[in-house]
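Everything below concerns the one structure shown next.
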Amino acid sequence: MRIFISGPYANPDPVVNTRNAILAGDEVAQLGYIPFIPHLNIQWHMVCPHNPDFWYEYDLKWLDICDMILRLPGESFGADREVEYAISKKKKVFYDIRKIPRISRKKKT
């Protein structure tokens with residue numbers, strides 16, 4: 001199952017926020033999920049900058065194929081918009097990573 005990692009990007013610091021999103025994504029991966037971390041687009045943006053609307057629309061297209069969303073703490077218009085969009089699409093929203101159940105992996109025999 002895919003989890004979209006949503007949280008502040010620009011405020012207060014894109015690098016710190018990207019680090020926080022990566023750490024959350026890694027924790028989600030350890031639970032057995034496939035995280036999508038839109039903050040990683042910072043690398044793409046450094047090479048080929050786009051306006052914020054491009055990134056919002058791009059991220060929502062990824063959110064469409066994710067099964068759920070994890071909203072990280074912090075004030076963010078974009079992350080709030082992503083949560084609203086996820087709710088409108090009937091996707092499960094988590095606000096606490098500790099509430100996300102671990103996926104049990106069946107061992108191959």
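The values are calculated or read from the model by the stated rules, or taken from the named source; none is laboratory data. Just so we're clear, the structure is a prediction, and the values are computed from it rather than from any experiment. Ideal geometry is used to build each Cβ from the backbone, glycine not excepted, and the neighbour counts take in all protein chains shown.
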Report summary line: Exception for Ile103 within (1) among the hydrophobic types (A, V, I, L, M, F, W, C); (2) out of contact with any Leu (no Cβ under 6 Å at 6 or more places or on another chain); (3) modelled with pLDDT of 95 or more falls at (3)
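Against the condition buried (at least 17 other Cβ atoms within 10 Å of the Cβ) and in contact (Cβ under 8 Å) with a residue 60 or more places away in the chain, how does Ser104 come out, does it pass?
Numbers: buried (at least 17 other Cβ atoms within 10 Å of the Cβ): no; in contact (Cβ under 8 Å) with a residue 60 or more places away in the chain: yes.
No, not satisfied.
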Query raised in the report: Does Leu70 fit the bill of being within 18 Å of Ile3 (Cβ to Cβ) and within 10 Å of the chain's Cα centre (by Cα)?
Result: yes
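Give me the residue from the stretch 24-50 that is of a type in the set (Val, Ile, Thr) and farther than 19 Å from Lys61 by Cα and, out of that set, surrounded by the fewest Cβ atoms within 10 Å (Cβ to Cβ).
Step one: filter the stretch 24-50 for residues of a type in the set (Val, Ile, Thr), giving 28, 34, 37, 42, 47.
After this cut, where a residue has to be farther than 19 Å from Lys61 by Cα as well, the list is 28, 47.
Working: Val28: 24, Val47: 6.
That would be Val47.
For the stretch 1-23, name all the residues that are surrounded by fewer than 21 Cβ atoms within 10 Å (Cβ to Cβ) and of a type outside the set (Val, Ile, Thr).
Taking the stretch 1-23 and keeping what is surrounded by fewer than 21 Cβ atoms within 10 Å (Cβ to Cβ), we get 1-2, 10-16, 18-20, 22-23.
Matches in the stretch 1-23: Met1, Arg2, Ala10, Asn11, Pro12, Asp13, Pro14, Arg19, Asn20, Leu23.
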Report task. Would you tally the residues in the stretch 88-101 being in contact with a strand residue (DSSP E or B) (Cβ under 6 Å, 6 or more places away or on another chain) and either within 19 Å of Lys61 (Cβ to Cβ) or not hydrophobic (A, V, I, L, M, F, W, C) (or both)? Result -> 4
